[in-house]
Amino acid sequence: MAKSKVAATGSGYIGEIMVHKISREVGVVESVLEAQAGWPPEITLKLKDGSLKKGKLSDFREASREQKKQFPPPEG
């Protein structure tokens, strides 16, 4: 069964592999600040090098199949 994601609130995105649209850096969604009172959801993306990228959900897109294959699987 697929994970349910809601773009309007940002719920369901934790653990997803996404790409920062401007820098094209790939990472895993580490946290989501859900949308409230007209503000868009904000996510924190953890990149391969361990650094973080923060921004609105609209600043990111889902990774392609090739980008997902290149990203290391989650530890644990």
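The values are calculated or read from the model by the stated rules, or taken from the named source; none is laboratory data. Computed from a prediction, not measured in an experiment: that's the story for all the values here. All Cβ positions, glycine included, derive from the backbone under ideal geometry; neighbour counts span all protein chains shown. Surface areas here come from the heavy atoms of the whole protein model, side chains and all, with no ligands, DNA or RNA. Shrake-Rupley method; radii C 1.70, N 1.55, O 1.52, S 1.80 Å.
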Quiz prompt | Subset of segment 64-76 that is open to solvent by 90 Å² or more (accessible area, probe 1.4 Å) and either part of a loop (DSSP other than H, G, I, E, B) or of a type outside the set (D, E, K, R) (or both) - its residue that is modelled with the lowest pLDDT | solution = GLY76
Quiz item: Under 9 Å by Cβ, and 6 or more places apart or on different chains, what pairs join a residue from segment 6-20 that is free of Cβ contacts under 8 Å to residues at least 12 places away in the same chain with one that is open to solvent by less than 20 Å² (accessible area, probe 1.4 Å) and assigned to a loop (DSSP other than H, G, I, E, B)?
Solution: VAL6/PRO41
Quiz item: If you take the residues of segment 12-28 that are within 13 Å of THR44 (Cα to Cα) and not hydrophobic (A, V, I, L, M, F, W, C), which of them is surrounded by the fewest Cβ atoms within 10 Å (Cβ to Cβ)?
Solution: GLY15
Practice problem: Take the residues in segment 52-63 that are open to solvent by less than 80 Å² (accessible area, probe 1.4 Å) and in contact (Cβ under 8 Å) with a residue 40 or more places away in the chain, then tell me which one is nearest to ALA35 (Cα to Cα). | Solution: LEU57
Quiz item: Which of (1) surrounded by fewer than 13 Cβ atoms within 10 Å (Cβ to Cβ); (2) modelled with pLDDT of 90 or more; (3) among the small types (Gly, Ala, Ser) is the odd one out, the single condition SER31 does not satisfy?
Solution: (1)
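Looking only at residues that are part of a loop (DSSP other than H, G, I, E, B) and charged (D, E, K, R) in segment 25-54, which one is farthest from ALA8 (Cα to Cα)?
For segment 25-54, the residue satisfying everything is ASP49.
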